[in-house]
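For reference, the structure is listed below as structure tokens.
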Amino acid sequence: MSGPEPCFLKIYSWETPATRYPLMKRGEARLSRKSYTRGFYNMEGVRGYDYFTVKKPIPVTSLLVGEETWMVDDPLHWYGMQDLAKAASGRVLVAGLGLGLVIHALEKNESVTSIDAVEIDMDVIDLITPLIATSKTNIINDDFWLYLYRTEEAYDTCILDIWVYDETDRIRTGYSMLAAIGSVSTRYPSAKIYVWGIRDPKWNPAVTKAPCYLETERRIEKMKA
């Protein structure tokens, strides 16, 4: 028996905290904005959707370092960052600052007591930090892996979002994710560890079942009854 048809999230308008960012540059880091035109885009299982479909052009803000895009605030990433933040609690360690989307969401989570965000690129820190709330947040300029093994801080939740996906070498990308999970798990065995970019709800709480799948399951159960 074949599985259910892909679920599509329909987007008619769009706004995130980054939509209001001024288009600035600090060193090699800069912000840009473009429109996603009508069409289908990958959703990677976030909130259960395989794709999102843009019904009208929407603004999407990007963080670029040099000519490389480090992060965007499209539905995949903003919904995903909100769900990662919602699952966090206590003292939170974040690997990678990006557009600061997860920081926006973590700051609003009352279960989160403090946030340490480790970012290796000082230009990104200079660009993004003035644009985010930091009442709970401490931005640390360091290589995450070096910080991980020399800090004496304890954390209850670790959120990893430092991947640059290599389309030409998926095996290498996969191994790097597994190595990261192993390293953080060893350092903080009792912490909740969430990894952006893995389509597995064990590691990525943003990956769930969409309403269309749940409705299909309910119908199947009624038919069985």
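The values are calculated or read from the model by the stated rules, or taken from the named source; none is laboratory data. Owing to the predicted nature of the structure, the values given are computational and were not obtained by experimental measurement. Every residue, glycine as well, gets a Cβ built from its backbone with ideal geometry; the counts of neighbours run over all protein chains shown.
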> If we keep just the residues of segment 142-181 that are exposed (fewer than 12 other Cβ atoms within 10 Å of the Cβ) and touching a helix residue (DSSP H, G or I) at 6+ places or on another chain (Cβ under 8 Å), which is modelled with the lowest pLDDT?
Replying inline: TYR165
>> What's the number of the only condition in (1) at pLDDT 95 or above; (2) outside the structural domain of THR151 (by TED's automatic domain parsing) that GLY48 fails to meet?
In response: (1)
> Considering segment 19-51 alone, what residues qualify as being charged (D, E, K, R) and under 18 Å from TRP78 (Cα atoms)?
Replying inline: ARG20, ARG33, LYS34, GLU44, ARG47, ASP50
>> Take ASN109 and tell me if it is at pLDDT 95 or above and assigned to a loop (DSSP other than H, G, I, E, B).
In response: yes
>> Cβ contacts < 7 Å: first residue over 27 Å from LEU64 (Cβ atoms), restricted to segment 96-114; second residue at pLDDT 95 or above and in a helix (DSSP H, G or I), any location; separation 6+ or different chain. Result?
In response: ASN109/ALA85; ASN109/LYS86; VAL112/LEU106
> If you go through segment 49-65 one residue at a time, do you hit one that is crowded, with 18+ Cβ neighbours inside 10 Å, part of a loop (DSSP other than H, G, I, E, B) and in contact with a helix residue (DSSP H, G or I) (Cβ under 6 Å, 6 or more places away or on another chain)?
Replying inline: no
>> Among the residues in segment 10-18, are any out of contact with any Cys (no Cβ under 8 Å at 6 or more places or on another chain), exposed (fewer than 15 other Cβ atoms within 10 Å of the Cβ), of a type in the set (Val, Ile, Thr) and in a loop (DSSP other than H, G, I, E, B)?
In response: no
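Residue-by-condition table, conditions (1) under 20 Å from LYS192 (Cβ atoms); (2) surrounded by 14 or more Cβ atoms within 10 Å (Cβ to Cβ):
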position: ALA88; (1), (2): yes, yes
position: VAL94; (1), (2): yes, yes
position: SER111; (1), (2): yes, yes
position: ILE115; (1), (2): yes, yes
position: GLU119; (1), (2): no, yes
position: THR129; (1), (2): no, yes
position: ALA133; (1), (2): no, no
> Do we have LYS108 as basic (Lys, Arg) and in the same structural domain as PRO130 (by TED's automatic domain parsing) here?
Replying inline: yes
